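Notes for the one structure printed next.
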Amino acid sequence: MSEISATHHHGSHAEGHSHAEPQIAARSRLLPSAVTADRGTLRTVSMGMMFVGAIVLVVLVILGFSAEGAGRQAIAAYHAGFLFCVGVALGCLGIQMILHQFNAGWSAAPRRTAEGIASLLPLCALLFVPVLVNALIGSDSTKLFKWMVPSYVAGDVLFEHKQGWLNVNFWIVRSAVYFGLWSMLALKLYQWSRKQDLSGDRWLTAKARRMSSYGLLIFALSSAFASFDWLMGLDFHWFSTMFGVYFFAGSVLSAICTIVLVLAMLSNAGKLKSVVTPEHFHDMGKMMLAFTVFWAYIAFCQYFLIWYSNIPEETAFYNLRQQGDWRYLSIFLVLGHFVVPFLVLLFRGVKRTPRLLAFVAAWLLIMHAVDLFYIVRPVIKESKLGERLIMDVFGIAGPALVFLGLAIRRVVSAPLIPLKDPRLHEALEHKNYV
Amino acid sequence: MANKKKQTVYRTTAGETVYGVMAEFATPADLYHAAEKVRDAGYKAWDVYSPFPVHGMEEAMGLPHTKLPLLTGIVGLTGAGLGLLLQYFVTHLAYPMVVQGKPMFAWEPWTPVTFEIGVLFTAFCALLGMFAFNRLPMWYHPLMKKERFLRVSDDRFVICIESKDAKFDPQATRAMLESVGGKHIELVEE
């Protein structure tokens, strides 16, 4: 017994030594030039993206009013774009809370990017305004959610049963609650992390970790219900209990891809040298692979159960998407969202080369947008796939460009890593050893 | 394989075949730096022994990256293919039967089984392949006869250079191990 405790003591002593050394070595890498971005160039890039995004949105509005029936398609495409932005920000919130819960040392290096993007969630509420306006003052023919059209749902037995949940006032309250909860969590985490940059208070990390415990529960429930309200509700007859997980899988995947893209862009600009290394890209690449598989797993499970039980009100969702040209989009999604990235991401070299990984990340982001498009757009039965395609592209690209521009702006406006995170030295020394 | 030189068999005065020369180290750091020097000296047939994994040791030893992932990938995909064939055989050739009014050529019910058999093959290949590449199980090892070697399961670290190495020479190898900081250098018999 005494021998055991003696060895233990020796062990902890040795650990104290090995901690101090890398910490000194680490500080020399954290020169201000390496951990802060050159605001000029990246700000110009972000301003350019937001400007183009704004123009695209203006054109979309003009197109939406230009033709009979185009309004509903415009708002549907915009809705997919809005959910793309919310998904990325929400995924960033979820992933950082998961990393806090695991006390993941390696994540201290890439975490600031996630914190910055998640802190845009209050601004995503502004992106929701057009959808809200459509729900409140849109004419019956342009309303995106059919259950909001009284003449359409009159006498619908299924609707009568769901009326307690599906009424506009409650829907608005719920949407406000989601944004309120997400903003609270994201802003707290971001502010604590920024505060730690100055004070170096280690207890802020403990606080963030404690909040992440119940924060994850709030996140899981609110994101699932948001996906029910904003996506599943598009066809109010249809329901899938797995839909929340499906939205979560796609969101977290797109969040990791955005983080990889931003970090690869920064490292391409000569930033974060020896701070965010191929080891970190390797880990984020593994998470991209894992969530690609997870998305496919959930997508298949959802399809499989509905296919097997063969109940008309459930199969309607896939029936619609297996007819006409939507069928080709379904197959494209299986190949582009799963098969190709899965096979590519299996290779170690891809995950450890930031430029290659950024390329895969950009591809997966596009596929995530296509996935949302595939859920939202077929609901507009009056317009087939390919009809007024420019509106579909603009509807998604507009909010996405504005959002990604904002994301870059937010990331470069702060130190690129949590400077005084107690786990930072561990992150800097991180290696995969495989 | 790469041994172009004719293999020399060394014998002790008692007539026993020499397996190699072992040297002991007190800390993982000593072991790590010694391994780097042994690697740089050009030895190929040697190994390090420690009570726990020393991170980065494969780099210090100059070991190539394992081929196991490639093998596992190939075997996993083969397994998935076999799973598909199995179901094709059962539901099309051996017992064609309509179940629940589903189409005969439906891919949906085949997917879980294909996936699971793929996972099964992958898992077994990863485990058994790891054993094979490490030449496990190993029922006998010459080092086990050494009294001092047994402390490797507790608090000592050992490098053993084997006599089958092309560069092995009883005197020169011993001197090299001494120069890199090895203590209690001993000859190991087969």
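Which entries of A:273/A:420; A:273/A:351; A:143/A:188 show an alpha-carbon separation above 26 angstrom in the structure shown?
Pairs exceeding the cut-off: A:143/A:188.
Long-range amide H contacts for residue B:157: which residues qualify at under 5 Å (H placed 1.01 Å from N, peptide plane, sequence gap of 5 or more or a different chain)?
B:25
Give the residues of region A:338-356 whose amide nitrogen is closer than 19 Å to a point set 7 Å from the Cα of residue B:70 in the direction of its Cβ.
A:343-353
Can you sort A:253, B:68 from fewest to most other Cβ atoms within 10 Å of each residue's own Cβ?
With the fewest neighbours first, A:253, B:68 line up as B:68, A:253.
With charges set only on the Cβ (+1 for Lys and Arg, -1 for Asp and Glu), what does the dipole of the protein assembly as shown come to about its Cα centre, in debye to the nearest 20?
Using Cβ point charges on Lys, Arg, Asp and Glu, the protein assembly as shown gives about 1120 debye.
Could you give me the ³J(HN,Hα) list for region A:374-380, computed from phi with Karplus coefficients 6.51, -1.76, 1.60 and θ = phi - 60°, whole Hz, x at Gly and Pro?
5, 7, 7, 5, x, 4, 7
Just name one of A:61, A:307, B:43: the one whose Cα is farthest towards the positive end of the charge dipole of the protein assembly as shown (beta-carbon charges, Lys/Arg +1, Asp/Glu -1).
Of the candidates, A:61 comes out farthest on the positive side.
Give the cross-link partners of residue A:195 among the aspartates and glutamates, using a straight C-alpha distance below 19 Å as the criterion and excluding same-chain residues fewer than 8 apart.
A:115, A:421
Give the separation of the Cα centroids, region A:73-123 to region A:331-349, in Å.
The distance from the Cα centre of region A:73-123 to that of region A:331-349 comes to 22 Å.
Near residue B:56, within a Cβ-to-Cβ distance under 11 Å, what is the net charge of the other residues, with Lys and Arg +1 and Asp and Glu -1?
Overall, the nearby charge balance is -3.
Treat the count of other C-beta atoms within 10 Å as a stand-in for reagent exposure and order A:258, B:122 from fewest to most.
The order, fewest Cβ neighbours first, is B:122, A:258.
Taking only Cα atoms, what is the 0 to 90° angle, nearest 10, from helix A:203-230's long axis to the longest principal axis of chain A?
10 degrees
How far is helix A:243-268 tilted, in degrees, relative to the longest principal axis of the Cα atoms in chain A, given as a value from 0 to 90 rounded to the nearest 10?
That helix lies at roughly 50 degrees to the long axis.
Would you mind ranking B:160, A:85 by Cβ crowding within 10 Å, fewest neighbours first?
Going from sparsest to densest Cβ surroundings: B:160, A:85.
What distance in nm lies between label points placed 7 Å from Cα along the C-beta direction at residue B:16 and residue B:100?
So the label points at residue B:16 and residue B:100 sit 6.7 nm apart.
Relative to the Cα centre, what is the charge dipole magnitude of region A:94-205, using +1 at the beta carbon of each Lys and Arg, -1 at the beta carbon of each Asp and Glu, and rounding to the nearest 20 debye?
Dipole about the Cα centre, nearest 20: 320 debye.
Through the Karplus equation 6.51 cos²θ - 1.76 cosθ + 1.60, θ set to phi - 60°, convert the phi angles of region A:134-146 into ³J(HN,Hα) values in whole Hz; use x for Gly and Pro.
So the Karplus estimates, Gly and Pro as x, are 4, 6, 8, 10, x, 6, 4, 7, 9, 5, 5, 8, 5 Hz.
Normalized C-alpha radius of gyration of chain A, against 2.2 N^0.38 Å?
The value comes to 1.05.
How many nm separate the modelled label positions at residue A:433 and residue B:135, each set 7 Å beyond the Cα in the direction of the Cβ?
Inter-label distance under the simple model: 2.4 nm.
Report, in degrees rounded to the nearest 10, the 0 to 90 angle that the Cα long axis of helix A:312-321 makes with the longest principal axis of chain A.
That works out to roughly 80 degrees.
Exceeding 27 Å between C-alpha atoms, which entries from my cross-link table qualify? They are A:431/B:183; B:37/B:183; A:286/A:381.
A:431/B:183; A:286/A:381, as the Cα separations exceed 27 Å there.
Mind checking which of A:152, A:78, A:303 has the largest fluctuation in a GNM of chain A, springs on alpha carbons under 10 Å?
A:152
Which of the aspartates and glutamates could a cross-linker bridge to residue A:146, judged by Cα under 18 Å and excluding same-chain residues fewer than eight apart?
Of all the aspartates and glutamates, those that pass the test against residue A:146 - Cα under 18 Å, at least 8 places apart if same chain - are A:68, A:156, A:160, A:229, A:235, A:313, A:314, A:382.
Extending each Cα 7 Å along its Cβ direction at residue B:90 and residue B:179, get the distance between those two points in nm, one decimal.
Taking the simple label geometry, residue B:90 and residue B:179 are separated by 6.5 nm.
Out of residues 5 or more away from residue B:43 or on other chains, whose amide H comes under 5 Å of its own, with H placed 1.01 Å from N in the peptide plane?
Those lying under 5 Å, H to H, from residue B:43: there are none.
Can you tell me which aspartates and glutamates have their Cα less than 13 Å from the Cα of residue B:164? Leave out same-chain residues fewer than eight positions away.
Cross-link targets: B:47, B:189, B:190.
Laboratory data are not the source of any read-out in this text; all were calculated from the coordinates shown. Not measured: the values here are computed from a predicted model. All Cβ positions, even for glycine, are placed from backbone atoms using ideal geometry, and neighbour counts span all protein chains on display.
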